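Q: Let me give you the structure first, and then I'll get to my questions.
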Amino acid sequence: MAAQAGAAQAGYRPVDDELADLYPADRLAAAAGAAARAGLDALLLTPGPDLRYLTGYDTHQTERLTCLALPAGGPAFLVAPRLELRSVHASPAGALGLEIVPWDETDDPYRMVAQRIGHLSAVGLADQMWAARVLRFRDALPGTRQGVASTALRGLRMRKTPAEVAALREAGRAIDRVHAQVPGWLRPGRTEREVAVDIAGAITAEGHATADFVIVASGPNAARPHHGPAGRVLARGDAVVVDIGGTMPSGYCSDCTRTYAIGTPPSDFARYYQVLKAAQEAACAAVRPGVPAEAVDAAAREPISAAGYGEYFVHRTGHGIGLETHEDPYIVAGNAEPLEPGMAFSVEPGIYPGPHGARIEDIVVCTDDGCVRLNNVTRELVIVDG
């Protein structure tokens with residue numbers, strides 16, 4: 001409260017309670033402890049999801065350095081350009097009691113960080129740090145081994161707090177509202193790109209801060225899981241895979257895929273869509289604490305393979321989600337990491353034979369005795385009147 005009062009007196013906007021719950025002050029201490037256990041003397045985090053996770057401060061990368069320095073055995077501090085101080089204080093970082101160290105245009109901020117943290121054996125750098133910054137820190141900290149911050153932070157970020165789950169639930173509801181509108185835009189004669197423009201506008205209209213991706217894949221393009229909307233014209237009989245997501249003002253992401261048909265779909269498509277639906281149900285039913293992540297992937301593959309479509313399921317079953325659309329844990333063969341309550345991830349098997357394809361994706365959260373889905377728009381094949 002004292003930090004918020006001081007910020008208010010300086011003319012900064014106080015942070016609302018919802019953001020304070022999402023970005024609590026005790027995360028800094030938890031991250032420092034995790035760094036020590038990972039054999040790192042400090043974490044150095046530039047703009048990106050790790051910085052936002054620990055401080056709530058969201059800013060884009062520029063040529064000017066912004067960096068949270070978090071020593072494993074000492075207080076953290078945030079180095080930021082002086083011209084951005086108001087933005088720092090207006091963010092949740094301004095309410096953490098965190099020392100904020102400004103630098104001016106003629107200063108060397110890398111040297112400032114190095115002088116404050118002193119000689120260290122090993123530091124963890126933000127996984128998404130620009131190469132130019134990595135090299136500058138290498139020069140400023142000679143003899144210091146550089147690693148990645150995720151070795152310390154992934155365990156913290158994978159297990160979502162109730163506030164984080166609530167934020168993901170809000171994101172799921174928002175993207176569900178967009179999917180509910182999609183059938184009205186899938187009309188013969190329109191292009192994939194035209195439909196994608198409508199969807200992108202709806203994503204922000206339904207509460208997202210940004211529309212991060214819009215996949216509208218029709219006809220043969222539906223067999224390309226990461227197809228970019230193009231000029232193909234929708235036609236009767238098309239299957240259309242719509243995979244969409246965005247970032248909410250909270251920083252937490254949505255991601256949901258549904259498959260539609262314009263008019264009567266091909267008989268073979270209708271047949272394997274039911275197989276896909278059963279596979280997605282089986283994978284969700286397999287989620288519970290202690291189950292290896294790869295077991296959920298296996299549960300999705302078993303009915304698809306049994307029905308003869310195994311070779312057409314060409315990607316992993318899911319990915320974690322939070323402040324990034326794709327993050328740990330990954331639901332894939334070879335990942336024996338046991339699931340834990342609070343882990344949030346997608347369950348999205350797909351079948352892509354070639355003339356068409358289909359995918360069903362929900363975000364789920366592992367609970368104490370199973371999972372809860374955060375997407376609840378219908379999973380039945382929606383047939384649009386063509």
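The values are calculated or read from the model by the stated rules, or taken from the named source; none is laboratory data. Remember, predicted model here, so these are calculated numbers, not experimental data. Here the Cβ positions follow ideal geometry from the backbone for every residue, glycine too, while neighbour counts run over all protein chains shown. All accessible areas refer to the heavy atoms of the entire protein, side chains included, with ligands and DNA or RNA removed. Shrake-Rupley method; radii C 1.70, N 1.55, O 1.52, S 1.80 Å.
Q: Of the residues Y57, Y110, which single one is among the aromatic types (F, W, Y) and touching a Ser or Thr at 6+ places or on another chain (Cβ under 7 Å)?
A: That would be Y57, the only listed residue that is among the aromatic types (F, W, Y) and touching a Ser or Thr at 6+ places or on another chain (Cβ under 7 Å).
Q: Something else: With the condition kept exactly as written, say whether any residue in region 113-127 is out of contact with any Leu (no Cβ under 9 Å at 6 or more places or on another chain) and buried (at least 17 other Cβ atoms within 10 Å of the Cβ).
A: No - not one qualifying residue is present in region 113-127.
Q: Which one of these is touching a residue at least 40 places away in the same chain (Cβ under 8 Å), surrounded by 15 or more Cβ atoms within 10 Å (Cβ to Cβ) and within 30 Å of D21 (Cβ to Cβ): G251, G237, G219?
A: Selected residue: G251, the only one of G251, G237, G219 that is touching a residue at least 40 places away in the same chain (Cβ under 8 Å), surrounded by 15 or more Cβ atoms within 10 Å (Cβ to Cβ) and within 30 Å of D21 (Cβ to Cβ).
Q: Go through region 113-122 and give me each residue that's hydrophobic (A, V, I, L, M, F, W, C) and either under 25 Å from the mean Cα position of the chain (by Cα) or part of a helix (DSSP H, G or I) (or both).
A: V113, A114, I117
Q: Let me ask another. Residues being open to solvent by less than 30 Å² (accessible area, probe 1.4 Å) and closer than 19 Å to G237 by Cα: count how many of those fall in region 185-200.
A: Here the count works out to 4.
Q: Filter region 121-151 down to the residues that are in contact with a helix residue (DSSP H, G or I) (Cβ under 9 Å, 6 or more places away or on another chain) and of a type in the set (V, I, T), then identify the one that is farthest from E324 (Cα to Cα).
A: Step by step, filter region 121-151, then rank; the result is T144.
Q: Additional query: I'd like the full set of residues that are assigned to a helix (DSSP H, G or I), open to solvent by 20 Å² or more (accessible area, probe 1.4 Å), in contact (Cβ under 8 Å) with a residue 12 or more places away in the chain and over 19 Å from T247 (Cβ atoms), limited to region 29-69.
A: Scanning region 29-69 gives A30, G33, A36, R37.
Q: Applying the selection to region 181-205, what residues are in contact with a strand residue (DSSP E or B) (Cβ under 7 Å, 6 or more places away or on another chain) and outside any loop (DSSP other than H, G, I, E, B)?
A: V182, P183, T191, E192, V195, A196, I199, A200, I203, T204
Q: Considering (1) touching a Gly at 6+ places or on another chain (Cβ under 8 Å); (2) surrounded by fewer than 22 Cβ atoms within 10 Å (Cβ to Cβ); (3) at pLDDT 95 or above, say which one D385 fails and leave the rest.
A: Unmet condition: (3).
Q: I would also like to ask the following. What number of residues in region 261-281 are closer than 21 Å to G318 by Cα and either out of contact with any Pro (no Cβ under 7 Å at 6 or more places or on another chain) or open to solvent by less than 40 Å² (accessible area, probe 1.4 Å) (or both)?
A: Summing the residues that are closer than 21 Å to G318 by Cα and either out of contact with any Pro (no Cβ under 7 Å at 6 or more places or on another chain) or open to solvent by less than 40 Å² (accessible area, probe 1.4 Å) (or both) in region 261-281 gives 9.
Q: Ok, one more. Of all residues in region 91-112, which are open to solvent by 20 Å² or more (accessible area, probe 1.4 Å), in a helix (DSSP H, G or I) and in contact (Cβ under 8 Å) with a residue 60 or more places away in the chain?
A: Of everything in region 91-112, just one residue is open to solvent by 20 Å² or more (accessible area, probe 1.4 Å), in a helix (DSSP H, G or I) and in contact (Cβ under 8 Å) with a residue 60 or more places away in the chain, namely A95.
Q: Which pairs do you get when a residue that is open to solvent by less than 20 Å² (accessible area, probe 1.4 Å), found in region 158-184, comes within reach of a residue that is at pLDDT 95 or above and of a type in the set (K, R), reach meaning Cβ atoms under 9 angstrom, with the pair 6+ apart or on two chains?
A: Sorted first by the residue in region 158-184, then by its partner, the pairs are A167/K160; L168/K160; G172/R373; H179/R258; V182/R258.
Q: Still on this structure: May I ask you to say which residue of I360, I351 is touching a Leu at 6+ places or on another chain (Cβ under 7 Å), open to solvent by less than 10 Å² (accessible area, probe 1.4 Å) and over 12 Å from C284 (Cβ atoms)?
A: I351
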